[in-house]
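Chemist: Once you've had a glance at the structure underneath, I'll fire off some questions.
The values are calculated or read from the model by the stated rules, or taken from the named source; none is laboratory data. Keep in mind that this is a model prediction, so the values were computed, not measured. Every residue, glycine as well, gets a Cβ built from its backbone with ideal geometry; the counts of neighbours run over all protein chains shown.
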Amino acid sequence: MANQSSPYRILCASFNQDNSGFAISTKDGFKIIDSNTGRLCYDRAVGAFIIVEMLYSSSLLAIVGAGEQPSLSPRRLCFFNTTTGAPLREMNFLTSILAVRLNRKRLVVVLQEKTYIYDSNSLSMLDTIDTVPNLKGLCAFSPSLEGCFLALPASTAKGAVLVYNVMELQLHCEIDAHRSPLAAIALSSNGKYIATASEQGTIIRIHLVSEATKSYSFRRGTCSSTIFSLSFAPSLQLPDILVATSSSGSVHIFSLGFETNQRTKKSGSFLGSILPYSVNDALDPAHHHVLHNAVSAGVRSYAVVRKVDNVADSSSSEIASCRAIISLIAYNGYFQEYAFTLNSQNESTWSLEREFNLVAVISGNAETS
């Protein structure tokens, strides 16, 4: 989530692979913050960075400068050790680096028309993917070694996405998800599902990666809106929920955990009996829950689902309710965390658990308000 020409205090924000920590950068430097406590883990004031990527909770960072200083070129990727405070290795490219993703086996570097795959340990190049012009550096990456996929735009004219198996170094599939170009893509952490939104921003679609088939189609709204981020809940199977942020300032949650029960109930209705499930879901807002005005309209934001707890009904094996922890970074400099609760009657509640100023956070626990 980098923005080189950002008018906001935050230039980039990124959570690590398990959402236990996150990094932000400003014009002055970057910070690493613990997601659970809000504690500042690392702070380095050495200039502006457009990319700061963590490798889980290790001391390794992949960082790219914003170009405001000769030593912080946007064409140079630096591996940095937070324990020693020293660079480990640098890699230079012919054009600006737009995105970086990594796990314990693979490193992905996204340029405007090329994407490079490296071995994370030796940094030896494994493959090069020629892509359509990808001006925003749009990509998604599933860090699981069992389902390690990379998703990239496959067209500039429509919302087609290329899914590449990063471990096997081969194209897995191409999915035609939208009629308009892509604005946001996300892979579940296990690589089983991919979520997409187009530049129109009215429909969110979820595909099963293994079969390249559409599983869900949700309507976000009827008016166009820019989708800033998509993120699945962490899960080994079907993610419970998908969270999205948009330029309207709202946070959207699409619930998947109760999908089977809800569809069984809808199948007896007139609409449910004549429309395919995917179309019915797009028309029916039953699985869509919105927190309005979470941030000011137009302010870029980034949300992840850090945790989901399901509560089973004591009289049956069905899920009675779920409680999710949603962490939100607003690029105007604030962190918010919400508890979202949903019961089997599709009734939801939101509560703000904590909020603090990211730019002002110092060593020790962040002050909440």
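Chemist: List the residue pairs whose Cβ atoms are under 6 Å apart, where the first residue sits in segment 70-96 and is assigned by TED's automatic domain parsing to the domain that holds residue 46, the second is aliphatic (A, V, I, L, M) and assigned to a loop (DSSP other than H, G, I, E, B), and the two are 6 or more positions apart or on different chains.
Modeler: Within 6 Å, the pairs are 77/97; 95/111.
Chemist: Here's another thing I want to ask about it. Can you tell which of 215, 210, 224 is at pLDDT below 95, polar (S, T, N, Q), farther than 17 Å from residue 101 by Cβ and buried (at least 18 other Cβ atoms within 10 Å of the Cβ)?
Modeler: Values: 210 fails: buried (at least 18 other Cβ atoms within 10 Å of the Cβ); 224 fails: buried (at least 18 other Cβ atoms within 10 Å of the Cβ).
Criteria check complete, one pass: 215.
Chemist: Condition first: among the small types (Gly, Ala, Ser) and either touching a helix residue (DSSP H, G or I) at 6+ places or on another chain (Cβ under 9 Å) or at pLDDT 95 or above (or both). Now tell me which residues in segment 143-176 satisfy that.
Modeler: First, the residues of segment 143-176 that are among the small types (Gly, Ala, Ser): 144, 147, 151, 154-155, 157, 159-160.
Of everything in segment 143-176, those that are among the small types (Gly, Ala, Ser) and either touching a helix residue (DSSP H, G or I) at 6+ places or on another chain (Cβ under 9 Å) or at pLDDT 95 or above (or both) turn out to be 151, 154, 155, 157, 159, 160.
Chemist: When you scan segment 245-258, do you find a residue that is of a type outside the set (Ser, Thr, Tyr), modelled with pLDDT under 90, surrounded by fewer than 20 Cβ atoms within 10 Å (Cβ to Cβ) and over 14 Å from the mean Cα position of the chain (by Cα), even just one? Steps first, answer last, please.
Modeler: Step one: list which residues in segment 245-258 are of a type outside the set (Ser, Thr, Tyr), which gives 249, 251-254, 256-258.
Right, trim to modelled with pLDDT under 90 and you get 256-258.
If we keep only those that are surrounded by fewer than 20 Cβ atoms within 10 Å (Cβ to Cβ) as well, we get none.
No.
Chemist: Given the condition closer than 18 Å to residue 232 by Cβ, modelled with pLDDT of 95 or more and of a type in the set (Ser, Thr, Tyr), answer yes or no: does some residue in segment 349-367 qualify?
Modeler: The answer is no, given that none of the residues of segment 349-367 is closer than 18 Å to residue 232 by Cβ, modelled with pLDDT of 95 or more and of a type in the set (Ser, Thr, Tyr).
Chemist: Scan segment 137-148 and report the pairs whose first residue is more than 13 Å from residue 14 (Cβ to Cβ) and whose second residue is basic (Lys, Arg) and modelled with pLDDT of 95 or more, with Cβ atoms within less than 7 Å and a gap of 6+ or a chain change.
Modeler: From residues that are more than 13 Å from residue 14 (Cβ to Cβ), the pairs are 145/105; 148/106.
Chemist: Need a quick list: strands (runs of 3 or more DSSP E) entirely within segment 126-243 having at least 1 residues that are over 27 Å from residue 19 (Cα atoms) and among the acidic types (Asp, Glu).
Modeler: Correct list: 170-178.
Chemist: Could you give every pair whose Cβ atoms fall below 8 Å, whose first residue belongs to segment 348-360 and is loosely packed, with under 15 Cβ neighbours inside 10 Å and among the aliphatic types (A, V, I, L, M), and whose second residue is part of a strand (DSSP E or B) and at pLDDT 95 or above, counting only separations of at least 6 or pairs across chains?
Modeler: Note: pairs meeting the criteria are 352/336; 352/337; 352/338.
Chemist: Among the numbered conditions (1) on the phi < 0 side of the Ramachandran plot; (2) surrounded by fewer than 18 Cβ atoms within 10 Å (Cβ to Cβ); (3) not in a strand (DSSP E or B), tell me where residue 123 comes up short.
Modeler: (1)
Chemist: Mind checking which pairs have a first residue in segment 195-224 that is not assigned by TED's automatic domain parsing to the domain that holds residue 172 and a second that is surrounded by 15 or more Cβ atoms within 10 Å (Cβ to Cβ) and not in a loop (DSSP other than H, G, I, E, B), Cβ under 9 Å, 6 or more apart or different chains?
Modeler: Every condition considered, no pair remains.
Chemist: Can you find a residue that is in contact with a strand residue (DSSP E or B) (Cβ under 8 Å, 6 or more places away or on another chain), part of a strand (DSSP E or B) and at pLDDT below 75 anywhere in segment 291-301?
Modeler: Within segment 291-301, not a single residue is in contact with a strand residue (DSSP E or B) (Cβ under 8 Å, 6 or more places away or on another chain), part of a strand (DSSP E or B) and at pLDDT below 75.
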